[in-house]
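Working notes for the structure below.
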2 protein chains.
Amino acid sequence: MKKLLNGRDSMVEDMIAGFVAAYPGQVARGRHPRLVRRAVPKADGKVRLLIGNGSGHEPIAMGFVGEGMLDGNVVGDVFAAPSSDLILEGLRELATPAGTVLLISRHEGDVINGMEAAMLAAEEGLAVRPLWMYDDISSAPRGEEQDRRGEAGTLFVYKILGAAAEAGRGLDALVALGEAVRDATRTLGAALSPGISPLTGRAMFGLPEDEVFIGMGVHGEPGVARRKVEPLRDLVAFMMDALAEDRPLVPGAPVVPLVNGAGGTTMMELLSVYGEVAAWLAARGIPAVSPAIGSLSTTQEMGGFSISLLAADAEMLRLWRAPQATPQFPVIR
Amino acid sequence: MKKLLNGRDSMVEDMIAGFVAAYPGQVARGRHPRLVRRAVPKADGKVRLLIGNGSGHEPIAMGFVGEGMLDGNVVGDVFAAPSSDLILEGLRELATPAGTVLLISRHEGDVINGMEAAMLAAEEGLAVRPLWMYDDISSAPRGEEQDRRGEAGTLFVYKILGAAAEAGRGLDALVALGEAVRDATRTLGAALSPGISPLTGRAMFGLPEDEVFIGMGVHGEPGVARRKVEPLRDLVAFMMDALAEDRPLVPGAPVVPLVNGAGGTTMMELLSVYGEVAAWLAARGIPAVSPAIGSLSTTQEMGGFSISLLAADAEMLRLWRAPQATPQFPVIR
C-alpha cells in the first residue's frame, strides 16, 4: 500500500518539520526535536498543559498546540507512546513554578510511561499533575470507567482545560475541572474499513465486506460487537442508545456532540452522521449545542467514526466555545 | 464497499440536513432545499458570491458559505453539476441590486449549466457575472489556460473574493480580482488510490499498486503521467518543477501554498508534503507564506493530494488572511 513518505526512519521527523514550517507563528520545535511547543510561550504564571502520544493519529495532538489549548506535545513513533525519558524532557522544558498538567489518554504504554515521567519530574522538584483521560464505553463496563480507553472524547478535556489554563486557573483547579469534563464525556466508535500501517504497509485488521465493528480502538483494537451494514439511521440509533444507557441524558440539559472521523471517512458521511445524532437528541428534548465535526483523532485512513457526547455545564460550555489559536482545531461557535 | 448512508435517494438531502443542523448560526437552507445560504444575509449593498457544484467533494463548497466567503452554494447530486434551473433558483434567491458573481469551476456540466443560468438570470434583469475558475496545469497546455479544469486552487478565488466582497467591492472589480487570482494560481495533483463512488459502491478507477498518477481530476478523470512509487521528496520535486515551469516563480516574491488532501490521505502525509514544498521553495529563495493544509476539496476517500501555488500580490495576501466565519474553512494566518 502506498504512503507519501521519504522512508520509515524519517517519517515522524519529516512530518514535524512540515508542521512547524507551516505554522511558524504558532508552533515550534522544542530543544528536544520530538517536542512540539508554542512558538511564543506564555508568562510563567500560566499552568502548562502537555501531552505525549504516539504519532499517526494527526491532527491530534500536535495540531492542537497553541494559544487556548496545549502548551506542548511530545511526539512518539507511529502508534507508540513516547518513552518516559522523552516525556520527562518535555516536562523539564515546559516547567514553570505554576506547574504542568500532564494529560494521559488511557492506553497502556501512555499510562506507564506518563506516570513514570511524572514521578521522575516530581523527584526533580517539578510541579506535575497527571490527568488520566478515558471515555470509550466499549472498553470496560459501567462502574469500571477508570479502566476505559481514551478516544476522541479526550478532545473535550484538551479544549476546556486549555481555555481555563489560559484564563489563569491554578493546577489543582485544572485537574478537578479535567476530571469533571472526563466524567461527563462518553464515546462510542464504529469501524468500516482498516487503515494502512505506515510501518508495515499492511491493513491493520480485517473486516468482512458487509459488517461494521462497534467499539474499535484508535490503534485497531478489536471491537465489541459486529453489525451488518444497515441504514445509517439505525446504526446511529444503536450507538446513541448505548451512550445514553451508559450515562443517562437529561431532557433540557445541553449536550455537545463530537462526530470524529477515523481518517478515511468522507465529510459527506460525517455530516450525515451528525444529522442523525441531532435528530436522535431532538426527539428526546435534548439540545445539541456547539458540535465539532471532523477527522480530528484518526487512525491513518481507517474508515469509521465515533460519537462523543459531553453533558456540559455552563462553565464547560463557555470554555469549549472560548477562542483558541491552534493550527488545526476547528473554531467552535 | 461500505458507506454511511440511509440510502442513495436521500444521501444529499441527509448531508445538507446534518450540515445546517450543525452550524445554525452560520448557514441555513434556502427556500429551495438545494440552496445552502448564510443564516444571516448581509445588507443588499454587498455583492453576492454563489457557486453551484456537484456534491461528494465536501467540505467544498458548502463548508465555505459564511461571513467573509460565499453567500450561497447550490448543491448538485453526487459528482453532477446542478441543473441550470437550480442555479437560477439560487441566483434569484440571493439577488440584490449590487449583483452576484457566479463562480464556475471549469468542468463541462458546470460551465454549460452555469452559463445558461447566468443568461436566464440576465433576461430577468438580474445583475449576474460569471467567473470561470481553472488552475489544473495537467488538463491543457500552457497558452490554453482557459481550457484547464478547476481544482483545489479555486479556493484561493473563493477566499480572496469573499473577503473583498465583504469589504464592499463592486461587481466589476470583484470579477477583475477573481481573474487576477485565477491567473496567478497553478495546481497539480497526484492520485494514489481510488475513492469509492457512493452511487455505485465501486472504486472510481484502477491504479497499479506501485504507481502514482499525476494530474488526476476531482471526478477521477485520468491522469497525464504515471510514476512509480518513489520517495516523497522526489515526487514533490517533480510536481514543483512542473508548476514552476508552467508559471515561473520569482525569488523573493511570496507564494501561498495549498496542500489539499483528496480525502483518504492522512494528515501525517499532507504535513510531510508541505515540508517538501516548503524546502523546495526555500532552496530557491521563494518565501512560502500563510499556507493551507487539509482535505478541503475531496473525491470521496481517494488517496492523493494536490499542490496549488498562488503568486500573491500584497492585496491578495491581505484578503487571503482576512477573518472569515464559515463552518469549515481553516483559519489562515
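The values are calculated or read from the model by the stated rules, or taken from the named source; none is laboratory data. Quick caveat, the model's predicted, so the values are computed rather than measured. Neighbour counts run over all protein chains shown; Cβ positions are idealised from the backbone, glycine included.
Some notes on this structure:
- Failed criterion for residue A:187 (all others in (1) over 13 Å from the mean Cα position of the chain (by Cα); (2) among the β-branched types (Val, Ile, Thr); (3) outside any helix (DSSP H, G or I) hold): (1)
- Members of region A:26-60 that are away from every other protein chain (no Cβ under 14 Å) and of a type in the set (Lys, Arg): A:31, A:34, A:37, A:42, A:46, A:48
- Residue B:137 over 18 Å from residue B:302 (Cα atoms) and touching a residue at least 60 places away in the same chain (Cβ under 8 Å): yes
- Residue under evaluation residue B:251, criteria (1) outside any helix (DSSP H, G or I); (2) surrounded by 14 or more Cβ atoms within 10 Å (Cβ to Cβ), criterion not met: (2)
- Those residues of region A:265-302 which are assigned to a strand (DSSP E or B) and within 7 Å of chain B (Cβ to nearest Cβ), in sequence order: A:293, A:301
- Which listed residue is within 16 Å of residue B:265 (Cβ to Cβ) and either surrounded by fewer than 22 Cβ atoms within 10 Å (Cβ to Cβ) or in contact with a Gly (Cβ under 9 Å, 6 or more places away or on another chain) (or both), from B:191, B:167, B:184, B:173: B:191
- Any chance residue B:212 is among the aliphatic types (A, V, I, L, M), in a helix (DSSP H, G or I) and crowded, with 24+ Cβ neighbours inside 10 Å: no
- Residues that are crowded, with 18+ Cβ neighbours inside 10 Å and farther than 23 Å from residue A:182 by Cα within region A:99-134 comprise A:121, A:126, listed in sequence order.
- Conditions (1) touching a Phe, Trp or Tyr at 6+ places or on another chain (Cβ under 6 Å); (2) within 28 Å of residue B:297 (Cβ to Cβ); number of the one not met by residue A:219: (2)
- Residue list for region A:227-243, filter: touching a residue at least 12 places away in the same chain (Cβ under 8 Å) and under 23 Å from residue A:183 (Cα atoms): A:236, A:237, A:238, A:239, A:240, A:242, A:243
- Every residue from region A:65-98 that is within 14 Å of another protein chain (Cβ to nearest Cβ), under 21 Å from residue A:163 (Cβ atoms), surrounded by fewer than 24 Cβ atoms within 10 Å (Cβ to Cβ) and out of contact with any Asp or Glu (no Cβ under 6 Å at 6 or more places or on another chain): A:67
- Note on region B:303-321: among residues that are away from chain A (no Cβ under 12 Å) and in a loop (DSSP other than H, G, I, E, B), the one that is surrounded by the fewest Cβ atoms within 10 Å (Cβ to Cβ) is B:313.
- Residue match in region B:195-206 (condition: in a strand (DSSP E or B) and in contact with a Pro (Cβ under 9 Å, 6 or more places away or on another chain)): yes
- Cross-chain or 6+ apart pairs with Cβ under 6 Å, region A:207-226 first and within 14 Å of chain B (Cβ to nearest Cβ), then assigned to a loop (DSSP other than H, G, I, E, B) and at pLDDT below 75: A:213/A:223; A:214/A:223; A:216/A:223
- If the condition is being more than 13 Å from residue B:306 (Cα to Cα) and small (Gly, Ala, Ser), then region B:238-252 contributes B:244, B:252.
- When A:201, A:189 are checked against the criterion of being within 14 Å of another protein chain (Cβ to nearest Cβ) and under 30 Å from residue A:321 (Cβ atoms), a single residue qualifies: A:189.
- The set of residues from region A:1-25 being more than 7 Å from chain B (Cβ to nearest Cβ) and part of a loop (DSSP other than H, G, I, E, B) comprises A:1, A:8, A:9, A:10, A:23, A:24.
- Taken together, the residues in region A:31-56 that are assigned to a strand (DSSP E or B) and in contact (Cβ under 8 Å) with a residue 40 or more places away in the chain amount to 10.
- Helices (runs of 4 or more DSSP H) contained in region A:57-169 and holding at least 2 residues under 28 Å from residue A:223 (Cα atoms): A:108-123, A:154-166
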